[in-house]
Amino acid sequence: MQSKNFARSGFRLTGVLCLLLALTFHQVTANENPPSSPEASTKTLIVGVKLAPPFVMQNDGKYSGLAIDLWEEAARENGWAWEYRQFELDDLLDAVSQHKVDVGLGAITATAERERRMDFAHPIISSGLGVAVRESQRSGWMAVLQAFLSPAFLKIIGVLILLLLGVGFLAWLFERKANPEQFGGHHRRGIFAGFWWAMVTMTTVGYGDLAPRTVGGRVVGMVWMLAALLIVSFFTASITSALTVGQLSQRIKSVDDLGNSKIASLSATTSGDWLDQRNIQFTQATDLDAALVDLGKGRVDAVVYDAPLLRWKIRSRYRNSLRILPLVLERQDYAFALPNDSPLREPLDTSLLQAINSPEWHSRVADYLGDSE
């Protein structure tokens with residue numbers, strides 16, 4: 001009987017020891033293989049980028065920019081490996097929403113429509129849509145002088161002088177023999193007299209010192225009088241435009257003023273959508289550089305686009321010719337795009353907040369964008 005009890009006790013003790021060993025083995029295994037997380041994962045993250053200086057730039061195959069700096073700092077802090085893949089904006093947003101990339105970088109604004117498709121990390125910059133105008137518009141009289149000395153205006157003056165010479169030459173041909181006291185003499189003197197008569201007739205001064213007498217000369221005079229009415233009207237409009245071009249910066253003070261100006265922007269962008277929603281007509285440029293070139297040449301009065309991108313472009317390429325008005329049309333928050341329920345969001349937000357709240361953050365932004373006006 002005692003031997004049976006001893007055997008039972010031995011079996012119980014053995015069972016307890018086996019249970020303890022199993023629990024110990026499970027604990028050791030759990031410690032050696034913790035749950036997977038972004039920090040400990042060896043997965044290479046796919047980072048989609050859209051070139052949008054100064055947020056994302058490319059030089060000699062390497063990416064740089066404000067968004068790139070922030071991402072690489074956060075990735076190193078969290079021990080993430082990554083590789084870049086370049087997209088156009090719409091393709092990048094689609095890739096993020098379809099979980100084909102782990103994060104999207106660029107000048108991406110967080111909007112309600114995009115929030116329905118994807119998630120966003122903490123905003124890195126809060127800005128808005130800006131309005132760029134020509135630098136010469138600061139001074140009205142400087143704008144007038146620049147307009148009068150512009151190649152286009154000088155070309156018009158040259159064409160007018162040739163036209164006056166042509167009309168004066170015709171008048172001289174008809175009048176040189178029948179009216180030698182007014183149009184005679186050496187041919188240079190006679191042609192100049194015809195030029196003088198054409199100028200006086202066009203401006204309707206009417207000195208009366210020269211007048212055609214022949215039928216042909218008077219027909220030329222009648223035709224020239226009618227044509228001169230149109231020419232003078234054209235010149236009056238050109239001069240008026242030159243006198244008022246410098247007042248654009250004072251004229252655009254609110255959204256309502258944009259409808260009275262010739263605006264350029266990019267279609268299928270936040271700025272283009274914003275203008276469309278308000279029924280403001282605008283010239284569709286192929287890219288931001290093309291829009292700013294048109295602005296510099298006077299083909300448009302202003303360019304509406306993301307203020308940070310306008311500031312960077314003007315600061316780097318158009319510093320002395322263009323500027324941004326102190327007018328923000330609509331607030332925009334620029335952020336990293338993430339797929340819904342992304343495990344990167346919490347650690348990424350922590351790293352971004354540390355960078356944004358650091359003492360040197362303002363100087364970092366100023367290095368890329370310059371100080372806002």
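The values are calculated or read from the model by the stated rules, or taken from the named source; none is laboratory data. Computed from a predicted model, the values in this text were never measured in an experiment. Methodologically, a virtual Cβ is constructed for each residue, glycine included, from the backbone with ideal geometry; neighbour enumeration extends over all protein chains shown. These accessible areas exclude ligands, DNA and RNA; they are computed on the full protein's heavy atoms, side chains included. Shrake-Rupley method; radii C 1.70, N 1.55, O 1.52, S 1.80 Å.
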Additional length obtainable on full extension of the chain from residue 267 to residue 88, 0.36 nm per residue less Cα span: 63.1 nm
Using 7 Å Cα-to-Cβ label points, what is the residue 317/residue 357 separation (nm, one decimal)? 3.8 nm
Per residue, how much accessible area does region 153-243 have with a 1.4 Å probe, in Å²? 61 Å²
How large is ³J(HN,Hα) for each residue in region 57-70, as worked out from phi by the Karplus curve 6.51 cos²θ - 1.76 cosθ + 1.60 (θ = phi - 60°), to whole Hz, x for Gly and Pro? 10, 9, 9, 6, x, 10, 8, 8, x, 4, 5, 5, 4, 5
Simple SL model, points at 7 angstrom along Cα→Cβ for residue 156 and residue 230; separation in nm is 1.6 nm
Binning at 10 Å from 0, report for region 296-336 what percent of all alpha-carbon pair distances ends up in each bin. 24, 54, 19, 3
Provide the FRET efficiency to the nearest 0.05 for the residue 203-residue 122 pair, computing r from the beta carbons and using R0 = 41 Å. 0.05
Report, in listed order, any pair from 50/262; 62/262; 262/313; 155/262; 62/313; 50/155 with a Cα-Cα distance greater than 31 Å. 62/262; 50/155
FRET efficiency (residue 287, residue 111; Cβ distance; R0 25 Å; to 0.05) is 0.70
